[in-house]
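The values are calculated or read from the model by the stated rules, or taken from the named source; none is laboratory data. Given the structure is predicted, the values throughout are model-derived calculations rather than measurements. Here the Cβ positions follow ideal geometry from the backbone for every residue, glycine too, while neighbour counts run over all protein chains shown. SASA here: full protein model, heavy atoms, side chains in, ligands and nucleic acids out. Shrake-Rupley method; radii C 1.70, N 1.55, O 1.52, S 1.80 Å.
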Amino acid sequence: MFKKVLIANRGEIAVRIIKACHQLNIVAVAVYSTADRQAQFVRLADESVCIGPASAKNSYLNREAILMAGINTNADAVHPGYGFLSEDELFAQMCEECGMTWIGPQASLIHDFSDKTNSRRIAKQRGLPIIPGSGMITSETQLYDQANKLGYPILLKASHGGGGKGIRMAHSAKELFAKYQIVKEEADSSFLDGSIYLERDFEDARHIEVQVLGLPDKLLILGDRDCSLQRHRQKIIEESNASVLTKPERQELYKLVHQLLDDANYQSLGTVEFLLVQHQFYFLEINTRLQVEHSITEETSGVDIVQAQIKAAAHNSLGFSYVTFDGHAIECRLNAENDLTNFVFETGKLQTFLMPTGVRVDTGLQSGDKVTPFYDRLLAKIIVYAPDRDQAIRQMQKALSQVEVCGIGTNLTELKRVVASQKFVTDQYDIHSVGKLMEESNHESYA
């Protein structure tokens with residue numbers, strides 16, 4: 001087992017990885033920007049190193065500064081978490097060259113799969129249905145030609161995007177180029193790569209994903225999730241397992257995952273994402289990293305996914321050879337955004353930050369902390385688990401009623417309204433329906 005792991009991330013996921021390291025008796029090293037000097041994850045780590053100023057480009061995306069921190073602290077492995085450099089092929093290679101194990105899939109597989117245009121090509125070669133789309137857009141002429149061919153509305157997506165970033169919808173040729181420039185700029189600043197492609201937008205789709213853990217001799221499926229409830233392509237509520245699936249559909253879904261990865265020698269965690277449209281699965285992408293929503297799969301599988309990822313990278317026994325799924329879990333993402341003013345990103349001091357008791361809450365914040373404008377909006381993940389979906393919904397409604405945040409605006413009202421809506425309760429929603437669920441919900445019970 002590793003003796004010391006450097007966590008190349010921040011916030012909630014850094015806290016989560018530090019806890020997993022401590023449970024495995026591993027020394028945890030945090031890296032932080034000047035804006036995060038007083039952050040909870042820095043205080044929880046056994047050692048910490050400042051790697052630069054507040055800007056992510058000069059700190060959490062600074063490969064050389066992070067690697068130097070690992071070398072100077074004698075770390076023998078690097079865990080990238082999610083976002084930032086977690087799907088950066090070059091960074092994975094550099095870690096290995098510096099004598100530190102990369103806690104993630106092989107760099108060659110990051111190259112193959114994290115580039116979404118490339119992963120679409122591989123999926124198509126292996127017989128998976130893919131969403132109609134373009135290759136990488138390299139000129140304005142190609143942009144308009146491909147959009148006209150696919151038809152409007154159309155999605156513009158960063159080839160190396162993730163976490164809902166680097167995605168915009170264009171409803172007409174008139175707004176296409178402006179959206180193109182926005183996506184390129186966001187992708188370049190968030191992922192150091194501004195390449196994009198186009199994809200057809202399906203109506204009445206469900207966003208279904210499968211959590212896998214690749215080992216040298218087998219591919220373990222740890223469960224599936226329904227991540228359809230999104231706003232502007234950013235997930236806000238996730239469920240595990242995906243209750244919308246029939247038994248034959250789940251079997252077909254897992255068959256497609258094995259078809260994609262069985263011969264790839266994929267090792268470490270990964271998430272294969274699909275759109276389900278009229279009982280047909282279309283390959284969407286594969287994320288070669290830990291996911292934000294891994295927590296609900298931990299609840300339904302009983303597997304500590306972060307510990308399993310670390311053990312697999314260290315070539316240690318996982319302690320299990322197969323996984324069964326039980327019950328139902330729901331996760332709500334509490335974000336720093338004012339749902340009364342079009343969900344504008346809110347920053348400032350958390351004068352009050354009270355989370356529900358008796359349920360799982362993953363966060364890197366507490367009362368008195370400051371939310372800065374430099375990183376993501378996630379304040380906390382509120383996770384409930386119950387024997388069935390109906391009970392899980394009731395638990396989540398109760399948990400949300402206990403949340404109290406003062407000092408900045410949040411999306412709490414939105415979350416309450418969605419989980420109280422009739423279409424959510426009856427599992428009759430799609431990837432475009434968040435606004436409708438809010439309009440149709442009876443939120444007087446939360447007054």
(request) With respect to residue 313, determine if the residue is closer than 29 Å to residue 122 by Cα, of a type outside the set (Val, Ile, Thr) and touching a strand residue (DSSP E or B) at 6+ places or on another chain (Cβ under 6 Å). (result) yes
(request) Can you work out which of the residues in the stretch 217-254 that are within 24 Å of residue 302 (Cβ to Cβ), of a type outside the set (A, V, I, L, M, F, W, C) and assigned to a helix (DSSP H, G or I) is most open to solvent (accessible area, probe 1.4 Å)? (result) 247
(message) Any residue that is crowded, with 19+ Cβ neighbours inside 10 Å, part of a loop (DSSP other than H, G, I, E, B) and of a type outside the set (A, V, I, L, M, F, W, C) - is there at least one of those in the stretch 385-404?
(response) no
(request) Look through 431, 383 and report the one residue that is of a type outside the set (Phe, Trp, Tyr) and modelled with pLDDT of 95 or more. (result) 383
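One line per residue, one yes/no per condition, for (1) more than 19 Å from residue 290 (Cβ to Cβ); (2) open to solvent by less than 10 Å² (accessible area, probe 1.4 Å):
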position	(1), (2)
3	yes, no
49	yes, no
60	no, yes
65	yes, no
80	no, yes
89	no, no
95	no, yes
(message) For the stretch 357-384, give me the residue count where each residue is closer than 17 Å to residue 419 by Cα, in a loop (DSSP other than H, G, I, E, B) and not hydrophobic (A, V, I, L, M, F, W, C).
(response) 0
(message) If I ask for residues that are open to solvent by 50 Å² or more (accessible area, probe 1.4 Å), within 23 Å of residue 207 (Cα to Cα) and not in a loop (DSSP other than H, G, I, E, B), which ones from the stretch 121-147 would you list?
(response) 121, 124, 125
(request) Please work out which one of (1) of a type outside the set (Phe, Trp, Tyr); (2) surrounded by fewer than 23 Cβ atoms within 10 Å (Cβ to Cβ); (3) under 22 Å from the mean Cα position of the chain (by Cα); (4) at pLDDT 95 or above is the condition residue 100 fails and give its number. (result) (3)
(request) Could you tell me which of the residues 357, 363, 288, 297 is in contact (Cβ under 8 Å) with a residue 40 or more places away in the chain and open to solvent by 60 Å² or more (accessible area, probe 1.4 Å)? (result) 357
(request) Taking the residues in the stretch 339-348 that are in contact with a strand residue (DSSP E or B) (Cβ under 6 Å, 6 or more places away or on another chain) and more than 8 Å from residue 408 (Cβ to Cβ) as candidates, determine which candidate is surrounded by the most Cβ atoms within 10 Å (Cβ to Cβ). (result) 343
